[in-house]
Amino acid sequence: MSKKITPITTRSQPKSDLTYRTLSLRLASDGRPSTLDVEGRSVEVVGATENPVTIFDYDQWAEIDEILLMSGLEMPESRQVPLMDTHSRYSTASVLGSYRDMRVEADQLMGRAFFSSAPEAEGPYTKVSEGHLTDFSVGYRQIQSVWVPDGETVKIKGRSFTGPVRVTSRWRIKELSVCPIGADEMAKARTAPAAPEPPVNQSKEKPMNERLRAILEARGLATDATEDEAWAFLGRGMVPETPAAAGTGNDNPPDADTIRAAAIAEEQARVTEITAMCARHECSDLAESLITGNVSLDLARQQVLDRVAAREDDPNLNHHGPAVIQADERDKFRAAAGDALMIRSGSRPAEPAVGADDLSGYTLRELARHSLQLAGQPTGGQPLEMIGRAMTTSDFPYILANVANKSLFEGWDAAEETWQIWCATGSVSDFKTNYSPRVSEASDLEEVPESGEYKYGKRTEAQESFSIATYGKLFAMSRQTVINDDLSALTDTPRAHGEAAARLVGDVVYAVLTGNAAMGDSVALFHADHGNLVADGNGGGPGIATLAAGILAMGTQTDLQGLRRLNIVPRFYLAPKALEGSSEVFFRSGNFADSDTVSTDSSLAATRVNPYGGNYLTRVYEPRLDDDDPLRWYLAAKKGKTVKAFFLNGVQKPYMETKAGWTVDGVEYKVRIDVGAKAMDWRGLYQNDGN
């Protein structure tokens, strides 16, 4: 009968934690772990097996069986991962030690769990050593998996699997955790190895390992002894049965325990090498026959190479099925829950995560309770207490922070700011004063007469200094907000902070224009000495004459040495909203009438072409300029030649941090952005005061 796949409901709970397999210690007769090393504070643990384990799959949105192929295990080069407390992976205080010496033996992942001497590890270690805490759970990330539907059989890496089952053919171990409840009944912590019993009815058809027999012959086994005689010789401690053995004159009789241990170690080395070699070349099914057949390492290597060669020629042996890249199952739940809250708030993602629609009916309180279920923690008690516990898990605060962060960016992206149209951006790595140098052109070349000398030219250098600052605010998500299922506190509030961050950057940029601070030469940005200012009754609104004057002023600016005209061309027209109407009438007019224009036929004045009409200039109308002066307008050259907005490490969006509330019962969020702005050169800017 095929396994029934049960979808989750609001009251159901997965049989095992997401992306984890829980394993139980094997205890000795005294109730303690049989492989416990008290001095080394360690115990040997089977990290995983190929036994099917039921997990909750967010692609199927149901409970399914999963098989982890040991041939697909990826381990770090150090053969070590953290030993955690119940998969709480977001705090160093949850690290109890490490899982070391990892290796694959047949269909099992073996290793030893070492407990730290830190205070937080003392309690779990004591409970493990006393036999009260017996379960471990491996945390892993699926890399490549094949879903085998019910009733179908698929061959994967030379092995056949019948569905319904998910076969994970590539996976990476991330951590091992001490936890309270077991799941994988076939995987146990390893007990202390016992000496092997002599095989019964051993015959020449299955000969003894050559290395083992050589050791026995060196200790007195006759070279022509049968297989049964060899095993009997090993079983009685490598002592010959003939009376002559006692009278050989050997004052140091063979140490049976030492020889037996050496023989066992030799055999274990062969088994380990064959297992690892088969796993490495994805033919673990061959390992058992090589081991039980007492095949030597040299012959085993040859058979493995033959299998690899045959696989390359046979497409059936190399069929991996419809492999898909899998995300971490816990991450899938978080993504689904986060998108579900966004759907509830009215901001449906373009591609919601799998399961988001199913979770969209959950209230914040129900999501908190479900997060506790997944973490294996109690879900009862008063609502305030239950939600408080959920706030301490890794899942629920992450979901809230993820939704708040998305809302923050929605507010940032929705803000209609104009500075990006004409202003360039830059990056700085710290908050210190930074400098941007400007180097002049080289001196003019001079004629060199016959037998004359070449002369060195010179270049002049100037620089502008600037720095950035941090701007931020706090807001909180309380337990009462969760109980009240108040989504506005989770979406509207961070969205408003995103808009505030965007507004702040605009304030900083336009303050460069309106503030008119001194440049590197100690002269104001807009000044008569800079040749970029028209004021004191000489200005006026946008028109043929006023624009022509601005274009002339920018085009005739000189470099630092005054050796050449820079011919700067304005690209942008910046003005307050108060000038938008009259400005657009002018720019959209194809013709103009100007009483000051000299013409041989004044009747032609009304039909003159407007040289600045259409898209000659990109127009930007900014209300911040109204707050400064509703008549003042500007011309700006292309990006990079005027004002630059600088961000810390180039991050041009707000950043949100989360921590457990200290002044509130809940979670606190801090929104910040690091930004500054500076005019890089006055030559690319021009101001007309409109009067």
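Based on this model, can you work out whether Ala390 counts as part of a helix (DSSP H, G or I), over 22 Å from the mean Cα position of the chain (by Cα) and at pLDDT below 90?
For Ala390, the condition - part of a helix (DSSP H, G or I), over 22 Å from the mean Cα position of the chain (by Cα) and at pLDDT below 90 - is met.
Among the listed residues Pro397, Pro437, Pro378, identify the single one that is in contact with a Leu (Cβ under 9 Å, 6 or more places away or on another chain) and either part of a helix (DSSP H, G or I) or without any contact (Cβ under 8 Å) to a residue 60 or more places away in the chain (or both).
Pro378
Give segment 354-375 a look and list any residue that's in contact (Cβ under 8 Å) with a residue 40 or more places away in the chain and assigned to a loop (DSSP other than H, G, I, E, B), or say none.
Val354, Gly355, Gly361, Tyr362, Thr363, Ala375, listed by residue number.
Of the conditions (1) under 30 Å from Leu635 (Cα atoms); (2) touching a residue at least 12 places away in the same chain (Cβ under 8 Å); (3) not in a loop (DSSP other than H, G, I, E, B), Gln420 clears all except one; give me its number.
(2)
Conditions (1) under 25 Å from the mean Cα position of the chain (by Cα); (2) part of a strand (DSSP E or B); (3) more than 22 Å from Gly40 (Cβ to Cβ), marked per residue:
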| residue | (1), (2), (3) |
| --- | --- |
| Glu63 | no, yes, yes |
| Glu77 | yes, no, yes |
| Pro82 | yes, yes, no |
| Val104 | no, yes, yes |
| Leu109 | no, yes, no |
| Ala113 | no, yes, no |
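May I ask you to verify whether Ala279 is among the aliphatic types (A, V, I, L, M), modelled with pLDDT of 75 or more and assigned to a helix (DSSP H, G or I)?
Against the criterion (among the aliphatic types (A, V, I, L, M), modelled with pLDDT of 75 or more and assigned to a helix (DSSP H, G or I)), Ala279 does not qualify.
Anything in segment 119-153 that is modelled with pLDDT of 90 or more and in contact with a Phe, Trp or Tyr (Cβ under 6 Å, 6 or more places away or on another chain)? List them, or say none.
Of everything in segment 119-153, those that are modelled with pLDDT of 90 or more and in contact with a Phe, Trp or Tyr (Cβ under 6 Å, 6 or more places away or on another chain) turn out to be Ala121, Tyr125, Val148.
Table: residues versus (1) surrounded by 15 or more Cβ atoms within 10 Å (Cβ to Cβ); (2) touching a Pro at 6+ places or on another chain (Cβ under 6 Å).
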{"position": "Val95", "(1), (2)": "yes, yes"}
{"position": "Met102", "(1), (2)": "yes, no"}
{"position": "Gln108", "(1), (2)": "yes, no"}
{"position": "Pro119", "(1), (2)": "no, no"}
{"position": "Glu122", "(1), (2)": "no, no"}
{"position": "Lys127", "(1), (2)": "no, no"}
{"position": "Leu133", "(1), (2)": "yes, no"}
{"position": "Phe136", "(1), (2)": "yes, no"}
{"position": "Tyr140", "(1), (2)": "yes, no"}
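Since Ala489 meets every condition but one in (1) touching a Ser or Thr at 6+ places or on another chain (Cβ under 6 Å); (2) of a type in the set (Gly, Ala, Ser); (3) loosely packed, with under 12 Cβ neighbours inside 10 Å; (4) free of Cβ contacts under 8 Å to residues at least 24 places away in the same chain, which condition does it not meet?
Only one criterion in (1) touching a Ser or Thr at 6+ places or on another chain (Cβ under 6 Å); (2) of a type in the set (Gly, Ala, Ser); (3) loosely packed, with under 12 Cβ neighbours inside 10 Å; (4) free of Cβ contacts under 8 Å to residues at least 24 places away in the same chain is unmet by Ala489, namely (3).
Starting from residues that are assigned to a loop (DSSP other than H, G, I, E, B) and among the charged types (D, E, K, R), keep the ones in segment 507-536 and report whichever is modelled with the lowest pLDDT.
Ranking the candidates gives Asp536 first.
What number of residues within segment 436-470 satisfy the criterion of being modelled with pLDDT of 80 or more, of a type in the set (Phe, Trp, Tyr) and over 22 Å from Asp521 (Cβ atoms)?
1
The values are calculated or read from the model by the stated rules, or taken from the named source; none is laboratory data. Just so it is clear, the structure is predicted and the values come from calculations on it, not from any experiment. Glycine gets a Cβ as well: all are built from the backbone with ideal geometry, and neighbour counts include every protein chain shown.
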